[in-house]
Amino acid sequence: MTDLTDIEKEHIELEFNNILSTCKGCQKSENKIIIRKAFDLANEAHSKMRRRSGEPYIYHPIEVAKIASNEIGLGTKSIICALLHDVVEDTDYTLEDIESLFGKKIASIIDGLTKISDVFDQESLQAENFKKIILTLSEDVRVILIKLADRLHNMRTLDSMPDNKQVKIASETLSLYAPLAHRLGLYNIKSELEDLSLKYKHPLIYNEIKNKITESTEKREIYINKFSSPVIEKLSQKKIKYSITGRSKSIYSIWKKMNTKNIEFSEIYDLFAIRIVFSPKVKSPEKTQCWNIYSLITDIYQPNPDRLRDWVSTPKSNGYEALHTTVMGPGQWVEVQIRTDRMNEIAERGYAAHYKYKGDKTVDSGELDIWLKKIKELLSSNNSSALDFLDEFKLNLYSKEIYVFTPKGLLLRLPKGATVLDYAYEIHSEIGNNAIGAKIKQKLVSLDYKLQSGDQIEILTSKRQVSDPKSLDFVITAKAKNALKSLLKKIRLENVEKGKEILQEKVKELNLNPSTITFNKLLKHYSVRSKDELYCKIGRGIIDISNLKKIISKKAQNKWVRYWQLQYNRSSTRKKIKGDIDSEKSIVKTQQIELTENFDYTNYEIAQCCNPIPGDKISGYLENNKDVIIHKSGCDIISELATTQGNNIISVNWTTHKMLSFLARIELNGIDKIGILNKITNIISKELDVNMRSATFDSRGGIFKGTIDLYIHNKEDLDKLIIDLKKIKGINSVIRIEELNDTV
Ligand code: MN
């Protein structure tokens, strides 16, 4: 805790004046006075604090205020809040102090910001807490905008954090903050957050791509000039005021594309897009002028009709407006984006840009309000678990949209991939519950029909409620999912009641004793897991109990062999569960586990991504509250899950495992000498606890490569085998391969 030096004080003053002079929305002297007041308070409150990097703490709120002002375009109130955002949390000032000095509104935004950071600062972000954040967000969107500015500055200065924190913060940024920025239309901030996350999560990949972009700059610029010059000529002839630039794709989106399409950097054809931003003339509508420029460009270059995107007539729900087309430039396809100054402002700064046009009032941007209303609806449906909510929320953040029409011509927006049933629930839950199909363009279509933009839909209903659980597989909106789940639950409960009555009557009729033993016999006979499932199936008429007497009087056959035991350690309560597995099935897979005891987790599975075997350090992930997926502790996927769903990470240990076989794969290579394959297979067959399942060998130019799948009991046996194989003369390397996506 060192006092500020004179140089630092001077720098702070300079940076602050910078905010005042660049902030467009706060040039009135009364605004400047109150911003000064906030700055003085923050400066004084943080004066004894330094950041981890050693810099005076106040640099941080100043930078956050600058981002809020220059990069998001926020006004006076937001700048004040950005300057004060850490004061209540980190210093002796209270919320009451803030309220008495700056008024109710500012105090409530600061309150929101403090609550959010409470939530985010916990060990891992819990879905339940995330729900709280969104509730705050729906009160005043500025809370989330300032929080994004805060996170952006923290990401820009992440270097001074310890490594393990860097990765955690980067993961969280990627899974929550970047999608939020995207949803609010803050494209620049979203891209920067993604790029910075990648930089800390996968530094090597990040640098490699970055270098490749730099290397190809000159070539790209030459191409862009060649492409642009005829366009520039035409635009100038029409006396249009414009700017034309070549925009390179972000590092993160290049990485994503390389991954999803499994291609090399050099194979990405749309590394850049051409962007034309123009000042529209007052006399004709912006839309017409955009299309005029489109027509001018397509006179020069042939457009690809499949890749025309008109977000001028129907803006995206995050407010984005522009006309995109892909044309055949000299030798390759090139994307061209056409926007007016106003559209560009919205594209870069998102909804906040609306402030600029509407003054520094409350945010009133129609589409955002609709979105927030949807979020509120989602929150108010009480049967959505916090975790489902998080998934659905993320889904809604990134989904692309289609536009469809009601029979009366009303426009509705749905995520891409939405079906007739989604649409029905969008209209009303009763319509969804009773829908049996629809009419589109005079044709009858089923509930799982995927809607296309422009479809006009008439829903057909019947009084009988739809109760097929399979419907859940083809609805994608949160609204439809929630409504369907509660309908299915209701129907299930009805069936359970009905089944219970039927069974009780039958038991009475036969004069049987409804003991636990009786029930266990029934559960085993009908292969159901619980009493409720039994009742439900009886209620639905799937299980016929007319020969009940015979089943119950049958002698118990115990063909079950106790096979494995995993220790679950969830939160503070330790539970031991015993699993029995059908001996016939045990050789290959570890699924199909029937639990004898009444326990929530009815199944466990070995994750395909890292394929742990006994002896490896493992962690469990509780999926959908019922299945436990076992990963290796260091696996990327489980670390990702740990950042968003820490509650569902269960610590698990191997205990009894000698009797169960696990599939493992090794890869080996060496010099192709006579008899070497024989030696390899000999060693494997001599190992007591290892069985070979399959093997392939490939020989080229005197070098061979082999892949062998084995059944082994644990890591120890596998390690021993690897050591033995390495002893063979001519063998170069033997390694274990974790991912087993296909069999050899
Ligand atoms: Mn902060």
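Sequence-distant contacts, meaning Cα pairs under 8 Å at least 6 residues apart, place the relative contact order of segment 248-355 at 27 percent.
Label positions at ARG540 and ASN70, each projected 7 Å from the Cα along the C-beta direction, are separated by 6.1 nm. Loop-located trypsin sites (Lys or Arg not before Pro) across segment 432-514 with a Cβ neighbour count of 10 or fewer within 10 Å are LYS441, LYS463, ARG464, LYS470, with loop assigned by DSSP. With contacts taken as Cα pairs under 8 Å at a separation of at least 6 residues, segment 487-557 carries a relative contact order of 44 percent. With the whole protein complex present, SER313 retains an accessible surface near 50 Å², based on a 1.4 Å probe. A crude spin-label estimate for the pair SER266 and MET692, with each label 7 Å from Cα along the Cβ direction, gives 3.9 nm. For segment 153-304, the relative contact order is 19 percent, taking Cα pairs closer than 8 Å that sit 6 or more residues apart in sequence and dividing their mean separation by the residue count. Subtracting the Cα-Cα distance of GLU739 and VAL507 from 0.36 nm times their residue separation leaves 78.4 nm of extension gain. Surface composition of segment 1-61: carbon and sulfur make up 54 percent of the accessible area, probe 1.4 Å. Sort segment 487-557 into rounded, prolate or oblate with this rule: let a ≥ b ≥ c be the square roots of the eigenvalues of the Cα gyration tensor; rounded if a/c is under 1.5, and if a/c is not under 1.5, prolate when a/b is larger than b/c, oblate otherwise. Cα axes put segment 487-557 in the prolate bin.
Note on segment 487-557: with neighbouring protein chains present and a 1.4 Å probe, carbon and sulfur make up 49 percent of its accessible heavy-atom surface.
The slack between ALA273 and LYS443, meaning 0.36 nm per residue of separation minus the straight C-alpha distance, is 57.2 nm.
Residues of segment 234-252 with an amide N closer than 16 Å to a point placed 7 Å from the Cα of LYS281 along the Cα-to-Cβ direction: 234-242.
A Förster radius of 35 Å combined with the Cβ-Cβ distance from LYS105 to GLU401 puts the calculated FRET efficiency at roughly 0.60. Rounded to the nearest 20 debye, the dipole size of segment 662-737 about its Cα centre is 260 debye, using +1 on the Cβ of Lys and Arg and -1 on the Cβ of Asp and Glu. Could you please state how large a percent of the accessible area of segment 662-737 is carbon and sulfur, counting protein chains only and using a 1.4 Å probe? Taking all protein chains in place, segment 662-737 shows 52 percent carbon and sulfur surface.
Placing pseudo-labels 7 Å out from each Cα toward the beta carbon at THR22 and GLU218 gives an inter-label distance of 3.2 nm. Which FRET efficiency value, to the nearest 0.05, do you get for ASN547 and THR516 by plugging their Cβ-Cβ distance into 1/(1 + (r/R0)^6) with R0 = 22 Å? Here the calculated transfer efficiency is 0.55.
With a ≥ b ≥ c the root eigenvalues of the C-alpha gyration tensor of segment 130-283, is it rounded (a/c under 1.5), prolate (a/b larger than b/c) or oblate? Note, shape of segment 130-283 comes out oblate. Taking 0.36 nm per residue of separation and subtracting the current Cα-Cα distance, fully stretching the chain between ILE7 and MET49 would add 13.5 nm.
Among the trypsin sites (Lys or Arg not before Pro) in segment 267-332, those placed in a DSSP loop whose Cβ has at most 15 other Cβ atoms within 10 Å are LYS281, LYS283. In the structure shown, do any of LYS212/LYS261; LYS168/LYS261; LYS450/LYS537; LYS226/LYS257 have a Cα-Cα gap over 29 Å, and if so which? Result: LYS450/LYS537 exceed 29 Å.
The values are calculated or read from the model by the stated rules, or taken from the named source; none is laboratory data. These figures come from a predicted structure and were not determined experimentally. All Cβ positions, glycine included, derive from the backbone under ideal geometry; neighbour counts span all protein chains shown. Keep in mind that these areas ignore ligands, DNA and RNA; they rest on the heavy atoms of the full protein, side chains included. Shrake-Rupley method; radii C 1.70, N 1.55, O 1.52, S 1.80 Å.
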